Amino acid sequence: MNTFQIEQSCPQCGAPANLEETDRLFACPFCRVTSLLLTHDYFRYVLPARNPAGKDLVYVPYWRFKGMLLFSLPAGVEYKFIDVSHCATDAPAIPVTLGLRSQALKLKFVSRDMPGRFVRPARSFEETLAAFNRRFGQALPRPILHCAHLGESMSLMYSPFYTTDKLYDAVLDRPVAAAGGGFPDAGLAGGRPDWGVRFVAALCPACGWDLEGEKNALVLLCRNCESAWQAAGSRLENLDFGFIAGTDDGPLYLPFWRIRAGVSGVKLKSYADLIRLANLPRAIQSRWEEQPAAFWVPAFKIQPQLFLRLAKMFTVSQSSREPQKAIPRSPLHAATLPLSEAVESIKVLIASLAVRKDLVPAKLSEAVITPNECSLIYLPFVRKGSEIIHPGMQTSISANALEWGKLL
Ligand SMILES: [Zn+2]
Ligand SMILES: [Zn+2]
């Protein structure tokens, strides 16, 4: 599979438009109104039936995941990029995956007025993801300490079927190979869809000003009242944010999640604890015992090796400078990685930081992460040729790697 396009008309003026799967903001080229796409959980799409007229279509749900699996092993972290689908219900004749589907197919959001019968998923996304973890982790050496996922797309896709004398795949309008007669849906609960995407005008909930953000941004900013917002279910929620000013002219700010969290079984209250865990060759200063430890996780999509390298580097170097609570004037890179996934990556981060394995529980995957304080902090980088450099760190990111992350 690959990236699909979604056919959707503008909620304000009705003009037809195409969206990308990762778009969260829709700026209508006709009426110029920008809308936010919201859902309380997952986006749900339907694959189009080729010749729908006069058929009783049954829509079968498939979980779709495109993104990265991170496996934390004793020797380091392994990554797998996967782009998979799996049927969310059990019916013997129904294909287990969606298979390869043409990118020319235009999806639609599920809506409450769609005709057809929508089968209810019998398995949660989490169960399906655990199965992917098992499948893709099979070839890795044991023990696997923890798996995390960094998703580009997580959605529910409904694929239409119908029966005459045989079971037909309605997308291809072809019989399903190996299926007998009749629709094998006896006992599959379903009915009319009870979901629709929510469109909300992209206006600041505090002051009514236009919110600013790239089309795939998960965090939107109001330059009028200097506030930041993220989708929380079907509404916008105020987000603690700030930036650490750069010293050079013309910095480029990259967003990081700064997460202060408790981790069960790991003593990680202060920065000093963190230095001990990572066994860094640094004399521990007494004030570090008081400085709360924070995890700094990139809030943007990037290759997993770089993602983890940046997270480790900024976590161990934790700036004690207090961020300013304002929106910098210089360019900002969009926050495209949700906080929930940043929190999920913390165990992988701990496993790869922990040189002192005796300070980490053997069953790290069972540890409970309790985020106490989460902020989005923009850190200053500078562009030097094709590299993006953080002045205080011995590191550079190629501008291509950042662009690559945007395309995901
Ligand atoms: Zn419009
Ligand atoms: Zn505002």
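Throughout, read-outs are computed from the coordinates displayed, never taken from laboratory work. The structure presented is a predicted model; accordingly, all values stated were derived computationally and were not measured. Neighbour counts are summed over all protein chains in view; Cβ atoms, including those assigned to glycine, are modelled from backbone coordinates with ideal geometry.
Assuming 0.36 nm per residue, please report the length gained on full extension of the stretch Ser319 to Thr39 beyond their Cα-Cα distance. Each step should come with its number before you reach the end.
Numbers: separation 280, 0.36 × 280 = 100.80 nm, distance 3.53 nm.
Here the answer is 97.3 nm.
Only Lys, Arg, Asp and Glu count, each charged at its Cβ (+1, +1, -1, -1), so figure out the dipole size of the chain about its Cα centre, rounded to 20 debye. Before the final figure, lay out each step's value.
On the way: 45 positive and 37 negative charges, 107 e Å.
Here the chain has a charge dipole of around 520 debye.
Given the pairs Lys325/Lys384; Lys66/Lys267; Lys215/Lys325, which span a C-alpha to C-alpha distance of over 31 angstrom in this model?
Working: Lys325/Lys384 27 Å; Lys66/Lys267 34 Å; Lys215/Lys325 24 Å.
Distance filter (> 31 Å) returns Lys66/Lys267.
Please express the shape of region 227-379 as an equivalent ellipsoid: the semi-axes are the square roots of 5 times the eigenvalues of the C-alpha gyration tensor, given largest first in whole angstrom. Kindly include the intermediate steps, with their values, before the conclusion.
Values: eigenvalues 135, 70, 41 Å².
Value: 26, 19, 14 Å, ordered largest first.
Under 11 Å from a point 7 Å along the Cα-to-Cβ line of Trp209: which residues of region 244-271 have their amide N that close?
Answer for region 244-271: none.
For region 42-58, in order, what is each residue's ³J(HN,Hα) by Karplus, 6.51 cos²θ - 1.76 cosθ + 1.60 with θ = phi - 60°, in whole Hz (x at glycine and Pro)?
Whole-Hz 3J(HN,Hα) from phi for region 42-58: 10, 7, 10, 10, 10, 7, x, 7, 5, 10, x, 4, x, 10, 8, 7, 10.
Going by average Cβ density within 10 Å per residue, which order do the peptides 298-304, 133-139, 144-150 take, highest to lowest?
Numbers: 298-304: 22.4, 133-139: 13.3, 144-150: 20.7.
Top of the packing list down: 298-304, 144-150, 133-139.
In whole Hz, what ³J(HN,Hα) sequence does region 114-121 give by Karplus (6.51, -1.76, 1.60; θ = phi - 60°), x for Gly and Pro?
3J(HN,Hα) across region 114-121, in whole Hz: 6, x, x, 10, 9, 6, 7, x.
Tell me which residues come under 5 Å, amide H to amide H, from Asn279 once H is placed; ignore anything under 5 positions away on its chain.
Counting only residues 5 or more places away or on other chains, the set is Val355, Arg356.
What does the C-alpha gyration tensor say about the overall shape of region 30-168? Classify as rounded when a/c is under 1.5, otherwise prolate if a/b is larger than b/c, or oblate. Intermediate values should be presented prior to the final figure.
Values: a/c = 2.59, a/b = 1.55, b/c = 1.67.
Oblate shape, in that a/c is at least 1.5 and b/c is the bigger or equal ratio.
What's the ranking of 343-349, 328-334, 214-220 by average number of surrounding C-beta atoms within 10 Å, highest first? Walk me through the numbers on the way to the answer.
Numbers: 343-349: 22.9, 328-334: 16.9, 214-220: 20.9.
Put in order of decreasing packing, that is 343-349, 214-220, 328-334.
Taking amide H atoms as placed 1.01 Å from N in the peptide plane, list the residues 5 or more away in sequence, or in a different chain, whose amide H sits under 5 Å from that of Gly262.
Sorted by chain and number, the residues that satisfy this are Thr370, Asn372.
Please turn the phi angles of region 231-238 into ³J(HN,Hα) values with the Karplus equation 6.51 cos²θ - 1.76 cosθ + 1.60 (θ = phi - 60°), one per residue in order, whole Hz, x for glycine and proline.
5, 10, x, 9, 9, 9, 10, 5
Using 27 Å as the Cα-Cα cut-off, could you pick out the over-long pairs in Lys80/Lys108; Lys80/Lys363; Lys301/Lys357? Mind showing how you got there, number by number?
On the way: Lys80/Lys108 29 Å; Lys80/Lys363 22 Å; Lys301/Lys357 29 Å.
Checking Cα-Cα distances, Lys80/Lys108; Lys301/Lys357 exceed 27 Å.
Taking amide H positions as placed 1.01 Å from N in the peptide plane, with prolines and chain starts having none, which residues 5 or more places from Ala367, or on another chain, fall under 5 Å of its amide H?
none
Please work out how much length the chain gains when fully extended from Ser286 to Arg123, using 0.36 nm per residue of separation minus the C-alpha to C-alpha distance, in nm with one decimal. Walk me through the numbers before you get to the answer.
Working: separation 163, 0.36 × 163 = 58.68 nm, distance 5.08 nm.
Length gained, Ser286 through Arg123: 53.6 nm.
List the aspartates and glutamates whose alpha-carbon lies under 17 Å from that of Lys166, not counting same-chain residues fewer than 8 positions away?
Of all the aspartates and glutamates, those that pass the test against Lys166 - Cα under 17 Å, at least 8 places apart if same chain - are Asp56, Asp185.
Quickly estimate the mean residue ellipticity at 222 nm for the chain, helices only: each DSSP H run with n ≥ 4 gives -39500 (n - 2.57), and the total goes over all residues, rounded to 500. Each step should come with its number before you reach the end.
Numbers: 6 runs with 58 residues, N = 408.
Value at 222 nm, helices only, nearest 500: -4000 deg cm²/dmol.
Lys/Arg Cβ at +1, Asp/Glu Cβ at -1, dipole of region 233-296 taken about the Cα centre: which of Ile275, Ser264, Pro292 is farthest positive-ward?
So the residue furthest toward the plus end is Ser264.
Can you pull a Stokes-Einstein diffusion coefficient for the chain at 37 °C (0.692 mPa s), Rh from Kirkwood over Cα pairs, as a whole number of µm²/s? Display every interim value, and only then the final one.
Numbers: Rh = 23.3 Å.
The calculation lands on 141 µm²/s.
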